[in-house]
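Notes follow once the structure below has been shown.
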Amino acid sequence: MPTDHRQRRHTLWLLCALSFILYVDRVNLATAAGAIKAELGLSNTELGIAFSAFAYSYAICQIGGGWIADRFGARITLIGCGLIWVASTFMTGLVHSLALLFAARLLLGIGEGATLPAQARAITHWFSRERRGVVQGFTHSFSRLGNAVTPPIVAALMTWLSWRAAFFVIGAVTLVWLVWWVVGFREYPRAEGDGNGVGRTHTAATARRAAPSGPTPWGPLFRRMAPTIFVYFCYGWTAWLFFTWLPTFFLNGQGLNLKSTALFASGVFFAGVVGDTLGGWLCDRIYRKTGNLALSRQSVIVTSFTGALVCLLPLAFVHSTAGIALCLSGSFLCLELTIGPIWAVPSDIAPQHAGIASGMMNAGSAIAGILSPILFGYLVDHTGSWTVPFVGSVAMLLIGIVAALRIRPDRALSEARPPLAEAPVAPSAR
């Protein structure tokens, strides 16, 4: 097997493991929420505030984290992030009040803030444009796999040990991944050739050209990313309801026990694994068939949002647990079709600033993660209905469909600059 292929495959698995651990650490609280709520004496609104704490620091750290990833590289950035994840996860197992729980989740948000921008930076270095959709979709599918396996794992640990011990075990697993990252990841593909560096691979040379050079064009970059940021906000409004409230929805809203809650929640999240992988594959296939970059990204996102809202509508009149689980699974599968194409857009628009562009985009979802979990808890407390907040997401998905048509990944940031022919030509020095 060629060395270049082995390097790329190893990097892909490192990034998949990163995505998996990232969401195990992120959604473990959702599974343990019932026990934590009872022990700390929290209302649904207070629990929603605890859920949203992560998103405050996560949103704030997105753009700064992306800048750090672009300037210092994915390797160093994620070492720092990993250390913070470990500390915050252990800290969660020690909390005895809402304030401490809020602080632990804030710390986790700081640690994870730069993670996905750094991952996007690494993917830009290691994979070509024609493969970024499927790579983004495949790596993010491991995020949903983490969503899917976390409920039964945490439920088993809670039954066997305690909810506090569950966080200690997960923190130790995160530490194992961090060691693997330190030992196994390189920032760029290794140049192949003779001892003098002759014969450097196209991949290595392309990766280095994608490295940032010069100051960050903050204004032009934000304007180019604005439609994508808004679309990802619309995605995040619904996605964060799944990530934070889904196990509690089945536990309290449907009156299930802890074991059944874990199984139903896992089933919904497994649907997301399919959605992530399928969305990335569709995106790249459309691009290879048509050569139209905008069509390949926009068409999958529009299909994703349309399918997600159609599957949410029956929640207004379906009352059986199996029927509700089926609707939620279909909606989450469709929603996750968005991930592959939309995470490829920052690298399409600004490959030299992929970390910052990804951070800007992910900040949109993080802001939604602040608002929607709190609103969910408030609506449940004041209406007594566990399905009203999901039905309310339909409006946000409709808005997202319209906004997705304004995403233009085929217009790179450099195209917004004046052509060289229009600039004054300096006399040649002879």
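The values are calculated or read from the model by the stated rules, or taken from the named source; none is laboratory data. These numbers come from a predicted model, not from an experiment. Glycine also receives a Cβ, built like all others from the backbone with ideal geometry; neighbour counts cover every protein chain displayed. Please note that ligands, DNA and RNA were not included when accessible areas were found on the heavy atoms of the full protein model with its side chains. Shrake-Rupley method; radii C 1.70, N 1.55, O 1.52, S 1.80 Å.
Once you have the Cα-Cα distance between Ala412 and Ala395, take 0.36 nm times their residue separation minus that, and quote the gain in nm to one decimal.
Using 0.36 nm per residue and subtracting the Cα-Cα distance, I get 3.1 nm.
For the chain, what is the Kirkwood hydrodynamic radius in Å, using each pair of distinct C-alpha atoms?
21.9 Å
Sort Met91, Met396 from largest to smallest accessible area, using a 1.4 Å probe on the heavy atoms of the protein chains.
Met91, Met396
Counting every Cα pair in segment 223-316, what percent are over 23 Å apart?
More than 23 Å apart: 39 percent of the Cα pairs in segment 223-316.
How long are the semi-axes of the equivalent ellipsoid of segment 47-190, taking √(5λ) for every eigenvalue λ of the Cα gyration tensor, in whole Å from largest down?
Equivalent-ellipsoid dimensions as semi-axes: 28, 18, 14 Å.
Over segment 272-342, what is the relative contact order in whole percent, taking alpha-carbon pairs under 8 Å and six or more residues apart?
Computed value for segment 272-342: 54 percent relative contact order.
Just reorder Tyr378, Tyr232, Tyr287 by solvent-accessible area, largest first, 1.4 Å probe, all chains present.
Tyr378, Tyr287, Tyr232
Please work out the average accessible area per residue across the chain, using the 1.4 Å probe convention, and give it in Å².
39 Å²
When the expected Rg is taken as 2.2 N^0.38 Å, what fraction or multiple of it is the alpha-carbon Rg of segment 200-358?
Here the answer is 1.26, to two decimals.
Given the options Leu98, Leu15, Leu335, state which has the largest fluctuation in a GNM of the chain using a 10 Å cut-off (strictly under) for Cα springs.
Leu98
Sorting Lys259, Lys37 by accessible area (1.4 Å probe), largest first, what list results?
Ranked from most to least accessible, the order is Lys259, Lys37.
Starting from 0 in steps of 5 Å, tell me what percent of the Cα-Cα pairs of segment 88-134 lands in each bin.
So the P(r) values, bin by bin, are 5, 20, 18, 12, 10, 10, 10, 9, 5, 2.
Relative to the longest principal Cα axis of the chain, at what angle does helix 293-312 sit, 0 to 90 degrees, rounded to 10?
For 293-312 against the chain, the angle is about 10 degrees.
On C-alpha positions alone, give me the angle between the axis of helix 129-160 and the longest principal axis of the chain, in degrees, nearest 10.
30 degrees
Does segment 16-76 come out rounded, prolate or oblate by the C-alpha gyration tensor, with a ≥ b ≥ c the root eigenvalues, rounded set by a/c under 1.5 and, if not, prolate when a/b is larger than b/c and oblate if not?
oblate
Which FRET efficiency value, to the nearest 0.05, do you get for Phe222 and Trp160 by plugging their Cβ-Cβ distance into 1/(1 + (r/R0)^6) with R0 = 35 Å?
The pair Phe222/Trp160 has a calculated efficiency of 0.10.
Taking 0.36 nm per residue of sequence separation and subtracting the Cα-Cα distance, how much length would be gained by fully extending the chain between Leu405 and Ala103, in nm to one decimal?
This chain segment gains 104.8 nm when fully extended.
Can you tell me the order of 323-329, 272-278 when each peptide is scored by its average per-residue count of other Cβ atoms within 10 angstrom, highest first?
Per-residue mean Cβ counts within 10 Å order the peptides as 272-278, 323-329.
Of all accessible surface on the chain at a 1.4 Å probe, what whole percent is carbon and sulfur?
For the chain, the apolar C and S fraction of the accessible surface comes to 68 percent.
Counting alpha carbon pairs within less than 8 Å and at least 6 residues apart, what relative contact order, in whole percent, applies to the chain?
It comes to 26 percent, rounded to a whole number.
Apply the a/c threshold of 1.5 to the C-alpha gyration tensor of segment 81-162 and tell me whether it is rounded, prolate or oblate.
Judged from the Cα gyration tensor, segment 81-162 comes out oblate (a/c at least 1.5, b/c at or above a/b).
Note the angle between two axes, namely the Cα long axis of helix 98-113 and the longest principal axis of the Cα atoms of the chain, as a number of degrees from 0 to 90, rounded to the nearest 10.
The two axes meet at around 20 degrees.
Full extension from Ile76 to Arg6: what is 0.36 nm times the residue separation minus their Cα-Cα distance, to one decimal in nm?
The span from Ile76 to Arg6 would gain 23.0 nm if fully extended.
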